[in-house]
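Enquirer: Pasting a structure here, questions to come.
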Amino acid sequence: MSNLDHGKFTRVTTLFHSLLGLDVFLLFFTGYAIMFNDELWWMLTLMGGASGVTAIHRITGIGLVALVIFWITLQLISSTGRSNFSKILPAKGDIDAFIQDIQFVLGRADERHPSARQFAGYKADEVPLLSYIGKGVVFIFSIELTLLAISGLLIWSKTGLAAMFQTKAAAMAFVTFHGLLGVIMLMGVMFHIFEHGMHPAFYPVETKAFIPRSMVPEHHGDDDEEPDTTGIERLSLSPSWRTVSTIFGAMTVIGIVSVLIGSIFDEGYPVPRELAIGGGPASILLTIGINLGMVVLGVGLVLSMYGNVLRIRWEQQLERDERPAAADGGEPQTDGGQPEADDAESEH
Amino acid sequence: MTNTEDLPEVNGYSRVSVLVSAVVGLAVAALALFWAQGFRLGYESLYRVNPSVEGGGIGSDWVFGNTIPALDFLIALIHAADVILGAFILVMVFIHWAAFQRLADQMREPGESASEAVAADGGSPTHSDGQGGDST
Ligand code: HEM
Ligand code: HEM
């Protein structure tokens with residue numbers, strides 16, 4: 001058994017996810033090199049100092065505007081998008097799933113709720129399009145990205161800012177607001193990386209967001225009986241999982257805590273109140289912590305690229321497997337190279 | 001319905017909608033760029049990055065404090081949101097961390113061979129997850 005599980009992403013969604021991830025990572029690296037310039041001075045220098053960093057931030061900012069508008073438009077004009085709206089609304093199952101997750105952790109439940117399950121295995125039919133975490137991620141990330149794009153454009157537009165705020169300090173306060181808004185996104189993405197990188201069944205990366213579901217064969221009705229379990233007990237754990245997931249989990253927690261503390265003390269606002277030019281409370285621990293957070297993001301970037309490498313390899317593998325199969329009277333491939341998956345028929 | 005011949009997934013997006021969305025996205029981004037860059041004012045002189053950093057940045061040359069109470073409030077609010085959501089996200093990290101540990105315990109250890117873990121008849125695995133609970 002491979003570690004592929006039933007994907008929910010279409011090809012367009014996988015591509016969008018990768019591009020969005022790349023763009024947001026660049027926005028993180030540049031934006032927080034500005035905000036945490038005490039701790040991330042090396043990143044600032046590496047990306048061309050103040051002018052280089054702000055330039056990259058603006059270019060990727062425009063990229064984000066394009067991506068966000070693209071996605072909103074697509075969801076509105078396509079029937080697929082519109083039909084998905086109901087699936088992101090919170091449901092009772094989501095609360096149950098949260099409670100059951102706590103029970104699962106405490107050993108009072110034997111498995112995760114379908115609305116929480118990342119590894120679906122034999123019970124794939126029970127799993128909804130989005131887990132309760134997935135819904136939360138969609139909500140928080142969409143609101144955040146929209147607000148960040150709007151406030152970012154307002155900062156950028158000189159007249160927009162100057163018209164609203166008379167003093168430089170006031171304008172600055174708005175930049176601070178924009179940066180603080182991004183902290184939620186920053187912490188959320190660190191969690192997202194941990195969640196999709198360290199699941200023991202998928203480690204080192206859950207491929208659902210990278211391999212479109214059209215390329216993942218599904219099996220339905222193979223077994224006559226209802227499966228008892230997801231079948232996770234049949235998978236073997238990777239030898240490095242325990243060590244790596246412990247280290248990475250610790251890094252994720254330290255990273256989140258550090259950027260949170262940093263955002264409170266290191267906001268750079270209001271400088272006049274303290275006149276602490278040259279930095280807020282520079283602390284070695286905070287510096288290490290924020291840098292660990294950046295490492296977590298770096299790992300996320302690498303995993304996202306690795307996910308795409310896996311997709312390419314999977315495509316090639318499918319192509320190789322398809323050729324001999326067609327000779328024995330299998331269904332002819334009409335779309336040239338893109339293997340038709342079972343789900344074209346079985347998913348109604 | 002979408003064009004299922006080009007896009008095998010039944011619920012995929014049609015080419016037309018993807019194309020239209022891409023055009024709209026790029027057009028809006030271009031407009032935004034034009035709007036943001038279009039009108040100049042001496043805003044670049046707002047330095048932000050500490051003056052100690054070469055070149056400085058927006059805000060580092062400010063003299064007066066922020067005098068707009070609404071902004072002060074907004075910043076206090078967002079600080080609060082950061083802390084509350086941060087705490088929540090941390091809880092989520094811990095729940096998943098612990099859940100992953102349990103899931104890992106249910107899986108086969110790296111060296112373990114197939115025959116040990118799966119019932120000989122190949123039926124539903126009787127392998128205990130070490131939690132003592134039976135899976136029904
Ligand atoms: C800034 C970067 C990223 C953003 C904005 C982002 C955003 C999202 C969103 C909105 C979803 C849908 C909701 C959900 O199911 O959770 C999602 C799903 C997913 N993401 Fe990301 N993501 C990012 C980076 C990553 C990275 C680095 C990985 C790999 C480690 C990853 C792996 C996944 C996976 C596997 C899913 C599918 C979950 C499922 O279908 O159950 N993402 N992402
Ligand atoms: C994920 C999205 C984003 C994040 C996390 C983010 C983060 C940040 C951060 C942390 C800062 C520094 C704030 C401070 O100095 O306290 C900043 C500044 C800024 N951001 Fe963003 N941002 C995002 C998106 C955008 C977008 C979409 C735009 C514009 C289209 C934008 C434009 C700007 C500008 C113009 C600045 C001021 C830079 C300077 O000092 O010259 N940002 N951002």
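Enquirer: What does the structure give for A:173-186 when I average, per residue, the other chain Cβ atoms found within 10 Å of the residue Cβ? Before the final figure, lay out each step's value.
Expert: Working: counts 11, 5, 5, 8, 6, 1, 2, 7, 4, 2, 7, 8, 1, 3.
Whole-number average of other-chain Cβ neighbours for A:173-186 is 5.
Enquirer: Please express the shape of region A:82-133 as an equivalent ellipsoid: the semi-axes are the square roots of 5 times the eigenvalues of the C-alpha gyration tensor, given largest first in whole angstrom. Don't jump to the answer; show the numbers that get you there.
Expert: Numbers: eigenvalues 88, 36, 8 Å².
Taking √(5λ) for each eigenvalue gives 21, 13, 6 Å, largest first.
Enquirer: Using θ = phi - 60° and the Karplus curve 6.51 cos²θ - 1.76 cosθ + 1.60, what whole-Hz ³J(HN,Hα) does each residue of region A:20-32 get, with Gly and Pro shown as x?
Expert: 4, x, 4, 5, 5, 4, 5, 5, 4, 4, 6, x, 7
Enquirer: Something else now. Measure off 7 Å from each Cα along the Cα-to-Cβ vector at A:Phe265 and A:Arg313, then give the distance between these two points in nanometres to one decimal.
Expert: Here the answer is 4.3 nm between the modelled labels.
Enquirer: Can you give me the solvent accessible area of A:Glu319 with a 1.4 Å probe, rounded to the nearest 10 Å²?
Expert: Roughly 70 Å² of A:Glu319 is accessible to a 1.4 Å probe.
Enquirer: For A:Arg320 and B:Val91, FRET efficiency with R0 = 51 Å and r from the beta-carbon atoms, rounded to 0.05? Don't jump to the answer; show the numbers that get you there.
Expert: On the way: r = 45 Å, r/R0 = 0.88.
Plugging the Cβ-Cβ distance into 1/(1 + (r/R0)^6) gives 0.70.
Enquirer: Something else about it: Expressed in nm², what is the orientationally averaged projection area of the convex hull enclosing the Cα positions of region B:66-109?
Expert: Details: hull surface 14.5 nm².
Projected area, direction-averaged: 3.6 nm².
Enquirer: With solvent modelled as a 1.4 Å probe, how much accessible area in total do chains B and A shield from it at their shared surface, in Å² to the nearest 100? Could the numbers behind the result be given before it?
Expert: Details: alone 12070 and 19500 Å², together 22580 Å².
Buried surface at the B/A interface: approximately 9000 Å².
Enquirer: Tell me, what is the percent relative contact order of region A:12-126, built from C-alpha pairs under 8 Å that lie six or more residues apart?
Expert: Once divided by the residue count of region A:12-126, the mean separation gives 17 percent.
Enquirer: Among A:54-64, B:20-30, how do they line up by average Cβ neighbours within 10 Å per residue, starting with the highest?
Expert: Numbers: A:54-64: 19.9, B:20-30: 16.9.
Highest-to-lowest ranking by the protection proxy: A:54-64, B:20-30.
Enquirer: What does the extension gain come out to for A:Thr45 and A:Ile102, with contour length at 0.36 nm per residue minus their alpha carbon separation? Spell out each step's value before the answer.
Expert: Working: separation 57, 0.36 × 57 = 20.52 nm, distance 4.39 nm.
Stretched out fully, the A:Thr45 to A:Ile102 stretch lengthens by 16.1 nm.
Enquirer: Please average, across the residues of A:104-117, the number of beta carbons from any other chain that are within 10 Å of each residue's own beta carbon, and give a whole number.
Expert: Working: counts 5, 9, 2, 5, 2, 3, 8, 6, 3, 0, 0, 0, 3, 1.
Other-chain Cβ atoms within 10 Å of each residue's Cβ, averaged: 3.
Enquirer: Measuring from label point to label point, each 7 Å out along Cα→Cβ, what is the A:Ile59 to A:Ser79 span in nm?
Expert: Between A:Ile59 and A:Ser79, the simple spin-label model gives 4.1 nm.
Enquirer: What's the FRET efficiency of A:Leu89 with A:Leu285 using the Cβ-Cβ distance as r and R₀ = 56 Å, to the nearest 0.05? Before the final figure, lay out each step's value.
Expert: Numbers: r = 42 Å, r/R0 = 0.75.
The formula returns an efficiency of 0.85 here.
The values are calculated or read from the model by the stated rules, or taken from the named source; none is laboratory data. What you see is a predicted model, and the numbers here were worked out from it, not measured in a lab. Heads up, the Cβs are rebuilt from the backbone with ideal geometry, glycines too, and the neighbour counts pull from every protein chain shown. Heads up: the accessible areas ignore ligands, DNA and RNA and are worked out on the full protein's heavy atoms, side chains in. Shrake-Rupley method; radii C 1.70, N 1.55, O 1.52, S 1.80 Å.
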